[in-house]
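Worksheet for the structure shown next.
Only the coordinates and a few stated rules stand behind these numbers; no lab work does. These figures come from a predicted structure and were not determined experimentally. In this analysis, Cβ positions are derived from the backbone assuming ideal geometry, glycine residues included, and neighbour counts consider all displayed protein chains.
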Amino acid sequence: MGAPDPHFDEGPASPDLAGGDSSSDLAEKRTTRMASAATAPGVSLAPLTEMIGLYLSADDVKRVREAYRFSDAAHLGQFRASGEAYISHPVAVTEICAGWKLDAPALMAALLHDTMEDQGVTKQELIERFGAEVAELVDGLSKLDRLEFASKAEQQAESFRKMLLAMARDVRVILIKLADRLHNMRTLGAMPAVKRRRIARETLDIYSPIAHRLGLNAIYRELQELSFRAISPHRFEVLQRAVLAARGNRRELVGKVTESVRSALPAAGIEADVHGREKTIFGIYHKMLEQKKSFSEVLDIYGFRVVVNSQPECYLALGVLHQLFRPVPGKFKDYIAIPKINGYQSLHTTLIGPYGTPAEFQIRTRDMHQIAESGVAAHWLYKASETGLNDLQKRTHQWLQSLLDIQRQTGDSGEFLEHVKVDLFPDAVYVFTPRGKIISLPRGATPIDFAYLIHTDVGNKAVAARVNGEFVPLRTELKSGDAVEIVTSPTSRPSAQWLNFVRTGKARSEIRHYLRTVKYEESVAFGERLLAQALKSVNLIMPAADDAVWEKLARGSGAQSRDEILADIGLGKRLAAVVARRFTPGDDPISVSAAEMDEQASAISGSIRIQGNEGLAVQLAPCCTPIPGDAIMASIRLGHGLIVHTEDCPTARRQRAREPERWIDVSWDEQTARQFPIRIDVIMRNERGMLGRVAAEISAADSNITHITMQDEASATVSLHFTIQVENRQHLARVIRHLRHIPQVQRIVRVKS
């Protein structure tokens, strides 16, 4: 992924910024530059002043002009790749923001948005000069170029994270950022081709979906169009020529449809504005790809918009249009009753116009039209509470707040960005809660996504789901109109397998956070058991949790705390025998060398007792599926904890021969607290009803079948492959005895490989 806001390559930095000047020197030189800027030729502020003078007070206009003078001075001597003075860019960005009627602090931040990043202006300086509100906005817009990161990708992800979190606190940040990106895209022609494509790809992947998610449809379409032109200039030109040619051929069609509608609506008592519109080049190209059609086969490159005064008139106009032209079945969508996730509302219908050509109509009120074009910017919101917000603002507010929730549960910037990108789906499905409330989810979402959207605890404790009254698997994709109910259990917890099918960033981050937290806690507990065993082997006891020896040991081993040391032992990152050696009297905890690790690895006397409920710190190897009663051994794998195998497992024997120092003796505890999966093959005569008979016998032995497959051995026999749950070897033996009661069963084999 590219940098979040490439801006255009500036000219060489001003000489006084190239050296290592102190903050006071820089401030003094900026003051000098401001005096120079007052007499230097600059960009005219007149158009902007005229725009903001229509809705801002005289004092606010004065503050905006002051921000302009400061920005102009800061960028003095700096030029864009096109050769223009750099100040032209902040002014153009501010004009776009003024078109949305953003307030004075937002316009000031738009003028100053590059001063911290490019010219070394400090946040404190902006606070002192323009106030904390403006400084916070500029800080949220600034990249992190001056910090050290392990990689370019990490830097870019961290920059996005900072921007999106600033946006979650104040939506003006993203409005300014989108205006900034829009102007950069409009003037992309001065950049080298490689950089143009990189910036355009990033715009298409990140900024365009954000604009769509916030309902900024006019910007969304323009960003798509400009990105497509930069990424595929030849395809864009070919399609543009084709559209121009078709425009002449279809002018009569558009005129005839428009005239018919304009006559029919007033006759029905409906006052409306009717406009024919041409679909964007990118929209046509996307439809060609999606439907695998050539340009000549895409007939509906023209659409029509009907704007009326009230919501009831939308439905009346729909009836008039359906009487005027024949509707295409299945092509009607009511986004007024169920708005899109970004607040968009309209009626959509496709009609067969003159000459058999399909034409799409959008019917909406004037307020809906304003929201459709400007989205949240039409009533931009940056409030801490939800008092007095309309539905669009509430949905936007909830999404922005979910970014903060995801940040709290996420490990790093790359993971955070991955979660956020998942949430930027342009399409959505709409499902119902048991109380009839409509919930919007990304296309492909599952009951797990639904559960986490309701509440984190509902997601963490989900065990089953009912969709339209029927039980379904948790990985089932939901469809619009589904009524969803989640069944929970206090003993349930998230599974790592859920990450393979959840779609929302919130669900993904909550699951990962839970697994990380639980794994850590379980690893601490298991590490404590391993260390106690190792200390016992050298006739020592476990020091108290508040003993100073833990702090000394942590300092010497690079750990932060006692729990971190124990977690590392439980996860196999440290060997319990080596840590135990550091508690030996007279032994300096810092002096144990890495070479001694292998010598001490097998110093644990006796065996570790396994109960089976240790969680992620102890895992049963899937290659041999050990159960209580089996002779077992275990290896400590880095980052995975203890992996338990049966003693006769071929995989374990090969690994033990290669790394004997990683293996320790383990045994089953007398009390185990769960049922364990085991695989068996049943070969039997192929007779009618045999599968039901086998399942009944397994159930009669108090076992549960979790998976089954069948394979014909020959015409007379069949092999049934079962995965069942048993408590121990005695329980398995009971299951086998029950199966042997069936005369048709010829052979029963426990599968270990």
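Some notes on this structure:
- Separation between Cα centres of region 658-727 and region 220-248, rounded to whole Å: 60 Å
- Within the shell defined by Cβ-Cβ distances under 12 Å, the residues around Ser310 carry a net charge of -1, with Lys and Arg each +1 and Asp and Glu each -1.
- Ranked packing of 327-337, 451-461, most packed first, by mean Cβ within 10 Å: 451-461, 327-337
- Glu373-Arg685 FRET efficiency (beta carbon distance; Förster radius 60 Å; 0.05 resolution): 0.25
- ³J(HN,Hα) computed for each position of region 78-86 - Karplus, 6.51 cos²θ - 1.76 cosθ + 1.60, integer Hz, glycine/proline x: 9, 10, 7, 4, 6, x, 6, 4, 4
- By average C-beta atoms within 10 angstrom, highest first, the peptides 718-731, 66-79, 100-113: 100-113, 66-79, 718-731
- Percentage, to the nearest whole number, of Cα pairs in region 234-376 over 20 Å apart: 50 percent
- Rounded to 5, percent antiparallel among DSSP beta bridges of region 234-376: 75 percent
- Per residue, the convex hull spanned by the Cα atoms of region 668-753 measures out at 90 cubic angstrom.
- Neighbourhood net charge (9 Å Cβ-Cβ; Lys/Arg +1, Asp/Glu -1) for Ile748: +2
- Calculated FRET efficiency for the pair Ile438/Arg493, C-beta based, R₀ 35 Å, to 0.05: 0.75
- Spin-label model distance (nm) - Gln240 vs Phe295, 7 Å beyond Cα toward Cβ: 1.2 nm
- Simple rule: put +1 on each Lys or Arg Cβ and -1 on each Asp or Glu Cβ in region 191-312, find the dipole, and look at Gly269, Ile199, Ile281; the Cα lying farthest toward the positive end is Ile199.
- Between Ile127 and Arg674, the distance separating the two model label sites (each 7 Å from Cα on the Cα→Cβ line) works out to 5.0 nm.
- Entry note, region 676-751: relative contact order of 49 percent, from Cα contacts under 8 Å with a spacing of 6+ residues.
- Under 14 Å, Cβ to Cβ, from Thr488 - net charge with Lys/Arg +1 and Asp/Glu -1: +1
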